[in-house]
Ligand SMILES: [Zn+2]
């Protein structure tokens, strides 16, 4: 350690020790006031701890900046930048605002100013620290609104910022996720490399669905994809039997066309080991775009149309024949559902066809069953322990999109909705540390003439 650094460290130690003593005395005296509860004291202690943290943070930065500044520093442009003077940089951190005095340089070649310490510590003067950015993005993506996010921050760490700062931080992280996905797709479909598989499951589930989001460009469909595995668990409905329980979810999605979405989903499936899995199972509703994506990217998958959607058609036909709420409708539907459950799709289809004259609902059911009969072999799927419901992707849509993007009265800018949704897909995939590691370095140069 250089002498100047050692001296600056000792000075900080002395200052910190003195201030710690003062704060302890102050808290002690304050707490002795009449009627103070532990809740009061803990709030006060938090405020003082924050103040002490600021002192440490500012002090350590001063230690790191200690020593005679070099007269010249290599500029990022390659030329030599000259020392100008010491200037303070304000940075907003999770401990509040700190002021960091550091050496600033000016490059006569590119005519830009820069501070080597900013680059070394990865912050931008006049901006938020990486730590505060992370907290803001986390709160911005998980709280009901950006207003609520900053209210939570104020409560938890006593740092006051405006909601727009939370919005900006969340959207920045969202753009990091979007850029990473684009790079992955470009590498997989271009002259790059396929995604590295993080697991080698025997069986992998893929599902997808669309959910509408209100944006400044009208209602737009957000396509969400889920990749997961299942584990057999004792059934609650049928004691003594096991049923598949979905686990290890990861999500991708965007407001985009099916072709682009399909590429991103395939990359995620590849990361989850789709290339080595001995079986890929797709469970989804009957939307055309879904099965087009499956045909394109998951050929050979076991295709299953969600049991609930298939059974809804049985009910609508039963109602068309016997009238809604009629006991006979119920009886008719139960029989057909039993056939469907036991894998007798053709029998169900024949029962529909016998009532063709009953109108559009019956016609639609016949078309649906005609298109998807090969995806309705429920007895076979059940015997193999496969999941036959799309509840996993539906609850995924609720968790990833509805819970944050469809709060009452919410209307998003389209880029804002896409970015926040991107953050949530990673959060709900337990991939947050990965996203944080993807963030670009934070520093900047200043277009400013030397004084
Ligand atoms: Zn330069």
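The values are calculated or read from the model by the stated rules, or taken from the named source; none is laboratory data. Remember, predicted model here, so these are calculated numbers, not experimental data. Don't worry about glycine lacking a Cβ; one is built from the backbone with ideal geometry, like all the others, and counts go over all protein chains shown.
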Practice prompt. Look through the stretch 80-110, keep the residues that are exposed (fewer than 14 other Cβ atoms within 10 Å of the Cβ) and not in a strand (DSSP E or B), and return whichever of them is farthest from the ligand (Cβ to nearest atom).
Written response: 108
Worksheet item: Looking at 12, 64, 23, 48, which one is away from the ligand (no atom under 16 Å from the Cβ), closer than 24 Å to residue 135 by Cα and surrounded by 13 or more Cβ atoms within 10 Å (Cβ to Cβ)?
Response: 48
Discussion item. Looking for something in contact (Cβ under 8 Å) with a residue 24 or more places away in the chain and in contact with a helix residue (DSSP H, G or I) (Cβ under 6 Å, 6 or more places away or on another chain) - is there at least one such residue anywhere in the stretch 235-246?
Written reply: yes
Practice prompt. Name, by its number, the condition in (1) loosely packed, with under 14 Cβ neighbours inside 10 Å; (2) more than 16 Å from the ligand (Cβ to nearest atom) that does not hold for residue 74.
Written response: (2)
Practice prompt. Of the numbered conditions (1) more than 16 Å from the ligand (Cβ to nearest atom); (2) surrounded by fewer than 18 Cβ atoms within 10 Å (Cβ to Cβ); (3) part of a helix (DSSP H, G or I), residue 144 fails exactly one; give the number of that condition.
Written response: (3)
Worksheet entry | Number of the exception - residue 324 against (1) under 22 Å from residue 395 (Cα atoms); (2) part of a loop (DSSP other than H, G, I, E, B) | (1)
Worksheet item: Out of curiosity, is residue 6 more than 40 Å from the chain's Cα centre (by Cα) and crowded, with 16+ Cβ neighbours inside 10 Å?
Response: no
Response to the item:
Restricting the stretch 290-320 to residues that are touching a helix residue (DSSP H, G or I) at 6+ places or on another chain (Cβ under 7 Å) and free of Cβ contacts under 8 Å to residues at least 40 places away in the same chain, the one surrounded by the most Cβ atoms within 10 Å (Cβ to Cβ) turns out to be 318
Worksheet, complete the sentence: Scanning the stretch 123-139 for residues that are closer than 13 Å to residue 441 by Cα and in a loop (DSSP other than H, G, I, E, B) gives 123, 124, 129
Item to complete: Identify the single condition in (1) farther than 30 Å from residue 138 by Cα; (2) modelled with pLDDT of 95 or more; (3) in a loop (DSSP other than H, G, I, E, B) that residue 429 does not satisfy, given that it satisfies every other one.
Response: (1)
Discussion item. What pairs come out if I take residues in the stretch 25-45 that are at positive phi and pair them with residues that are modelled with pLDDT under 95 and surrounded by 13 or more Cβ atoms within 10 Å (Cβ to Cβ) whose C-beta lies under 7 Å away, six or more apart or interchain?
Written reply: none
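Quick check on this structure: which one of 411, 373, 358 is touching a residue at least 40 places away in the same chain (Cβ under 8 Å) and over 27 Å from the mean Cα position of the chain (by Cα)? Steps first, answer last, please.
On the way: 411 fails: over 27 Å from the mean Cα position of the chain (by Cα); 373 fails: touching a residue at least 40 places away in the same chain (Cβ under 8 Å).
Going through 411, 373, 358 in turn, just one is touching a residue at least 40 places away in the same chain (Cβ under 8 Å) and over 27 Å from the mean Cα position of the chain (by Cα): 358.
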Response to the item:
Sole miss for residue 119 among (1) within 16 Å of the ligand (Cβ to nearest atom); (2) outside any helix (DSSP H, G or I) is condition (2)
Worksheet item: Any idea how many residues of the stretch 79-103 are more than 30 Å from residue 155 (Cα to Cα) and free of Cβ contacts under 8 Å to residues at least 24 places away in the same chain?
Response: 2
Worksheet entry | Those residues of the stretch 150-199 which are touching a residue at least 12 places away in the same chain (Cβ under 8 Å) and exposed (fewer than 13 other Cβ atoms within 10 Å of the Cβ), in sequence order | 162, 164, 189, 196, 198, 199
